[in-house]
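The values are calculated or read from the model by the stated rules, or taken from the named source; none is laboratory data. All figures in this text were calculated on a predicted structure; none of them were measured in a lab. Glycine gets a Cβ as well: all are built from the backbone with ideal geometry, and neighbour counts include every protein chain shown. Areas reflect the complete protein model, heavy atoms only, side chains present, ligands, DNA and RNA absent. Shrake-Rupley method; radii C 1.70, N 1.55, O 1.52, S 1.80 Å.
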Amino acid sequence: MPGISNRVVGVLNFITFLLSIPILLVGIWLSTQATTECAKYLDKPVIIIGVFLMFISLAGVCGAWCRISWLLWLYLLVMFVLIVVLLAFTIFAFVVTNKGAGEALSHRGYKEYRLGDYSDWLQNRVSSKDNWSTIKSCLIDANICNTFSKKYSMDNDEQFYKESLSSIQSGCCKPSNDCDFKYVSPIVWDKNNATTSPNPDCKLWGNEPDVLCFNCLACKAGLLDNIKTNWKKVALVNIVFFVFLIIVYSVGCCAFRNNREYNAYHRQRK
């Protein structure tokens, strides 16, 4: 009979195996149904995660319940690598999100964002033309600015300026405050009243729904601020997950030791 540690490792990995099935099916569904660049960008990572979880959980189940030591050793090796990677990512996430914040404006309920305020590593990710093309496609497909327009469609200019906007709404769905465009509606602005601002985003603004400020530096900065906030949340969750993995890894080591003692005992009896 497997020891307690073997049973615990087996049960945890059997649950993980069951969870990997819907993840894999979602990835396959995305690959067959994807009609946009954004959706196509998501299917491969989901499939890879699903396959990885399926194989590593099978190794854990078979290694623990069937006392196959080499499978359990492989499982522990992957777990160790995962723990190291998770720790490295958590530290990295705190480091690269340490810089950058929105700029408060007088008589405005929202903030505006400058790309240069964020870490060089994050800036490089959105400065790549290919990367930004995919990101922009995702933003447009998500209808962020269409939803934004409908929500504030009844606002006049004074009401709109007092609204508390998200970083992406502020950066991608409206022109910069520097441009001094005349407000018509949340996503329609009159350029005729524009001043000669040195801000390059002013020339990139367009009232077309698929243009707006999606090519602006402010849009990239707004996205980075959103990423910064989410990464910090993920990093905090990772700390909890890291502790959980350490516990599972420790139980797995006990199961591996049990396997070796069990196999050594049966070899002696022969």
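Observations
- With N as its number of residues, the stretch 105-261 has a Cα radius of gyration that, divided by 2.2 N^0.38 Å, comes to 1.43.
- Using a probe of 1.4 angstrom and keeping all protein chains present, the accessible surface of the chain works out to 58 square angstrom per residue.
- Each residue, Thr196 and Ser69, gets one label point 7 Å from its Cα in the Cβ direction; the gap between the two is 8.2 nm.
- Per-residue [θ]222 nm for the chain (sum of -39500 (n - 2.57) over DSSP H runs n ≥ 4, rounded to 500): -23000 deg cm²/dmol
- Of all accessible heavy-atom area on the chain, the percent that carbon and sulfur account for (1.4 Å): 64 percent
- Cβ-derived FRET efficiency at R0 35 Å, Lys232 paired with Glu158, nearest 0.05: 0.55
- Which labelled figure in [x] 58, 40, 37; [y] 93, 38, 32; [z] 67, 41, 40 is Cα extents along the principal axes in Å, once derived from the coordinates: [y]
- In straight-distance terms, cross-link reach from Lys228 covers every one of the lysines whose alpha-carbon lies under 20 Å from its own, apart from those fewer than eight places away in the same chain; here that gives Lys99, Lys111, Lys136, Lys220.
- Base-10 log of normalised Debye intensity for the stretch 40-150 (one unit scatterer per alpha-carbon) at q = 0.12, 0.23 Å⁻¹: -0.75, -1.27
- Computed with a 1.4 Å probe over protein heavy atoms only, the accessible area of Phe55 comes to about 140 Å².
- Restricting the stretch 82-179 to trypsin sites (Lys or Arg not before Pro) in coil, as DSSP defines it, with at most 12 other Cβ within 10 Å: Lys162
- Local electrostatic count at Val9 - Lys and Arg +1, Asp and Glu -1, tallied over other residues with Cβ under 15 Å: +4
- Using the alpha-carbon positions of the stretch 81-134, Rg (one decimal) and Dmax (whole number) come out as 15.2, 51 Å.
- Tensor-based shape of the stretch 135-178 (alpha-carbon gyration tensor, a/c under 1.5 rounded, otherwise prolate or oblate): oblate
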